[in-house]
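Novice: Quick one: the structure is below, questions incoming.
The values are calculated or read from the model by the stated rules, or taken from the named source; none is laboratory data. Please read all numbers here as calculations on a predicted model, not as lab measurements. Don't worry about glycine lacking a Cβ; one is built from the backbone with ideal geometry, like all the others, and counts go over all protein chains shown.
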Amino acid sequence: MQKFCFFLLITIFASFLAGCASKTAFQPKEVKAFENRMPIATASSEVVAHDPPVNCPITTPQDPLFVPPAPYDSMGYAGEFWYGSDALWTAIRENGTWEALPHNPEGYTQKVLWWRAGYVWNQEPQPALKVTGERLDAIAPPLHASQATNASASDIGSAMLVGVDIPTLGCWKITGKYGEAEVSFVVWVAP
């Protein structure tokens with residue numbers, strides 16, 4: 001009887017070790033399969049470099065350079081360039097990076113100004129501009145865009161303003177659409 005109990009104990013222990021060994025042997029395959037999938041990103045769980053990586057196709061100035069119609073041709077901001085067409089354009093940072101943005105539960109907040117030839121702020125208080133955005137370098141929820149509103153000042157002229165909440169850091173494609181006109185650009189959202 002004692003030999004039987006000893007044999008049973010050895011068999012149970014060997015089965016236990018075999019089970020552990022098979023899990024250990026299977027684990028790298030699970031990890032490898034997971035590494036091949038794009039991670040789902042969240043604002044709080046991700047570490048992102050300050051400078052855009054080479055695989056983020058940040059938007060650069062058009063060639064030839066886009067110059068908006070008067071009076072906007074004499075406006076602009078240092079460190080930014082105009083991007084789009086007379087039908088719809090925006091201003092983009094030369095380094096392609098939005099950094100140190102305010103953060104709230106919805107994400108990283110940025111205000112984006114848009115212009116179009118003939119737009120007059122007080123004639124269209126809620127412009128028919130729709131803004132969307134998607135992350136290019138990982139799976140993430142789409143950005144949240146506010147309803148467009150109007151803006152007017154001596155340094156910007158008559159413009160449309162949209163607030164966006166970007167759920168994660170990373171490489172983002174932002175698209176503005178007004179009627180048939182559409183403009184997309186890519187920015188790196190950095191810490």
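Novice: Scan 168, 132 and give me the residue that is touching a Pro at 6+ places or on another chain (Cβ under 7 Å), surrounded by 15 or more Cβ atoms within 10 Å (Cβ to Cβ), β-branched (Val, Ile, Thr) and in the same structural domain as residue 83 (by TED's automatic domain parsing). Spell out how you get there, then give the answer.
Specialist: Numbers: 168 fails: touching a Pro at 6+ places or on another chain (Cβ under 7 Å).
Answer to the check: 132.
Novice: So residue 132 ticks every box in (1) among the hydroxyl-bearing types (Ser, Thr, Tyr); (2) outside any loop (DSSP other than H, G, I, E, B); (3) over 21 Å from the mean Cα position of the chain (by Cα) but one. Which box is left unticked?
Specialist: Of everything listed in (1) among the hydroxyl-bearing types (Ser, Thr, Tyr); (2) outside any loop (DSSP other than H, G, I, E, B); (3) over 21 Å from the mean Cα position of the chain (by Cα), residue 132 misses just condition (3).
Novice: Examine segment 63-81 for a residue that is surrounded by 11 or more Cβ atoms within 10 Å (Cβ to Cβ) and assigned to a strand (DSSP E or B), and state whether such a residue exists.
Specialist: From segment 63-81, those surrounded by 11 or more Cβ atoms within 10 Å (Cβ to Cβ) are 66-69, 72, 75-77, 80-81; that's our starting set.
Still in the list and also assigned to a strand (DSSP E or B): 80-81.
Yes, segment 63-81 contains at least one residue that is surrounded by 11 or more Cβ atoms within 10 Å (Cβ to Cβ) and assigned to a strand (DSSP E or B).
Novice: Check residue 53 against each of (1) surrounded by fewer than 15 Cβ atoms within 10 Å (Cβ to Cβ); (2) assigned by TED's automatic domain parsing to the domain that holds residue 152; (3) not aliphatic (A, V, I, L, M) and name the one condition it does not meet.
Specialist: Status for residue 53: all satisfied but (2).
Novice: Right, something else. Restrict the check to segment 114-128 and report whether at least one residue is buried (at least 17 other Cβ atoms within 10 Å of the Cβ) and among the aliphatic types (A, V, I, L, M).
Specialist: no
Novice: Of all the residues that make up segment 85-110, how many are in a strand (DSSP E or B) and under 28 Å from residue 72 (Cα atoms)? It would help to see each step written out before you state the result.
Specialist: Initially, segment 85-110 is screened for residues in a strand (DSSP E or B), giving 85, 88-93, 97-99, 103-104, 107-110.
Checking the rest, the ones that are also under 28 Å from residue 72 (Cα atoms) come to 85, 88-93, 97-99, 109-110.
Qualifying residue count for the region: 12.
Novice: So which residues in segment 147-176 are over 16 Å from the mean Cα position of the chain (by Cα) and of a type outside the set (A, V, I, L, M, F, W, C), if there are any at all? Can you show your working first?
Specialist: Of the residues in segment 147-176, the ones over 16 Å from the mean Cα position of the chain (by Cα) are 147-161.
Within segment 147-176, 147, 149, 150, 152, 154, 155, 157, 158 qualify.
Novice: Then there's this: Just to be sure I understand, how many residues within segment 138-165 are touching a strand residue (DSSP E or B) at 6+ places or on another chain (Cβ under 9 Å), surrounded by fewer than 20 Cβ atoms within 10 Å (Cβ to Cβ) and touching a residue at least 40 places away in the same chain (Cβ under 8 Å)?
Specialist: Taking segment 138-165 as the starting set, the residues that turn out to be touching a strand residue (DSSP E or B) at 6+ places or on another chain (Cβ under 9 Å) are 138-153, 156-165.
Keeping just the survivors that are surrounded by fewer than 20 Cβ atoms within 10 Å (Cβ to Cβ) gives 138-139, 141-142, 144, 146-147, 149-153, 156-158, 161, 163.
Add one more test, that the residue is touching a residue at least 40 places away in the same chain (Cβ under 8 Å), and what stays is 138-139, 156-158, 161, 163.
Number satisfying all stated conditions: 7.
Novice: Is it fair to say residue 102 is exposed (fewer than 15 other Cβ atoms within 10 Å of the Cβ), touching a Ser or Thr at 6+ places or on another chain (Cβ under 8 Å) and within 29 Å of residue 55 (Cα to Cα)?
Specialist: On the way: exposed (fewer than 15 other Cβ atoms within 10 Å of the Cβ): yes; touching a Ser or Thr at 6+ places or on another chain (Cβ under 8 Å): yes; within 29 Å of residue 55 (Cα to Cα): yes.
Criteria met by residue 102.
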